[in-house]
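Asks: First, the structure itself, so that you have it in front of you.
The values are calculated or read from the model by the stated rules, or taken from the named source; none is laboratory data. Given the structure is predicted, the values throughout are model-derived calculations rather than measurements. All Cβ positions, even for glycine, are placed from backbone atoms using ideal geometry, and neighbour counts span all protein chains on display.
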Amino acid sequence: MPSEFEPILGAEGWQLSNPPIFQLASLRASLALYDEAGMERLRAKSRLLTGFLEFLLQELKSNQFQQITPTDPSQRGCQISLKIPSGKNIQAKLEAQDILTDWREPDILRLAPVPFYNSFSDVFQTVEALRKAL
């Protein structure tokens, strides 16, 4: 090894040769949980949760948002993106109720029911909160 450290320029220079052991321990534990749940079962639940979310949003029949995510489940993951002109305010109202969403400028609110820890009840409560926020 040379006597002086010469980092590589750019993001690549921030790499570590050995990942931190405590972070690896938590990663290993989470991978064990995913192995136990099974990716096929998680994806099946994902399709059901996201389909339920889409159904409830359609039942809401609001002209205040437009779904821009494909309706074909094979063309999307576990999220639905809504184009909402006043969406930033709506996101704040949802977060005040501990409902976490993803905001994308200029006017996209993303709702993502995660199959590993979200329930159908969570999805229902989210859409009810959205209805009230609109």
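Asks: Suppose the filter is under 20 Å from residue 118 (Cα atoms), out of contact with any helix residue (DSSP H, G or I) (no Cβ under 7 Å at 6 or more places or on another chain) and either at pLDDT 95 or above or of a type in the set (Ser, Thr, Tyr) (or both); does residue 45 pass it?
Replies: Yes: the conditions hold for residue 45.
Asks: I would also like to ask the following. Is it the case that some residue within segment 122-134 is within 23 Å of residue 34 (Cα to Cα), within 18 Å of the chain's Cα centre (by Cα) and modelled with pLDDT of 95 or more?
Replies: Yes, segment 122-134 contains at least one residue that is within 23 Å of residue 34 (Cα to Cα), within 18 Å of the chain's Cα centre (by Cα) and modelled with pLDDT of 95 or more.
Asks: Also, quick follow-up: Does any residue in segment 35-55 that is on the phi < 0 side of the Ramachandran plot come within less than 6 Å, Cβ to Cβ, of a residue that is surrounded by fewer than 18 Cβ atoms within 10 Å (Cβ to Cβ) and at pLDDT below 95 six or more places away or on a different chain, and which pairs are these?
Replies: Every condition considered, the pairs that remain are 47/73.
Asks: Give just the number: which of (1) among the charged types (D, E, K, R); (2) assigned to a helix (DSSP H, G or I); (3) surrounded by fewer than 11 Cβ atoms within 10 Å (Cβ to Cβ) does residue 98 not satisfy?
Replies: (2)
Asks: Still on this structure: Consider segment 76-95. How many of its residues are assigned to a helix (DSSP H, G or I) and of a type in the set (S, T, N, Q)?
Replies: So the answer is 2.
Asks: Within segment 15-40, can you find the residues that are aromatic (Phe, Trp, Tyr) and under 23 Å from residue 77 (Cβ atoms)?
Replies: 34
Asks: Output the qualifying pairs, or none if there are none: Cβ atoms under 8 angstrom, residues six or more apart or on different chains, first residue in segment 78-101 and closer than 21 Å to residue 51 by Cα and of a type in the set (Phe, Trp, Tyr), second residue at pLDDT 95 or above and surrounded by 16 or more Cβ atoms within 10 Å (Cβ to Cβ).
Replies: Final answer for the pair search is none.
Asks: Further, regarding this structure: So in segment 101-125, with the set limited to residues that are in a helix (DSSP H, G or I) and of a type in the set (A, V, I, L, M, F, W, C), which one is surrounded by the most Cβ atoms within 10 Å (Cβ to Cβ)?
Replies: Only one residue tops the list, namely 123.
Asks: Can you tell me which residues in segment 96-122 are touching a Lys or Arg at 6+ places or on another chain (Cβ under 7 Å) and acidic (Asp, Glu)?
Replies: Those that are touching a Lys or Arg at 6+ places or on another chain (Cβ under 7 Å) and acidic (Asp, Glu): 102, 107.
Asks: Is it fair to say residue 49 is in contact with a Ser or Thr (Cβ under 6 Å, 6 or more places away or on another chain) and closer than 16 Å to residue 127 by Cβ?
Replies: Judged against the criteria, residue 49 is not a match.
Asks: In segment 60-75, what residues are assigned to a strand (DSSP E or B) and either of a type in the set (A, V, I, L, M, F, W, C) or touching an Asp or Glu at 6+ places or on another chain (Cβ under 9 Å) (or both)?
Replies: Across segment 60-75, the qualifying residue is only 67.
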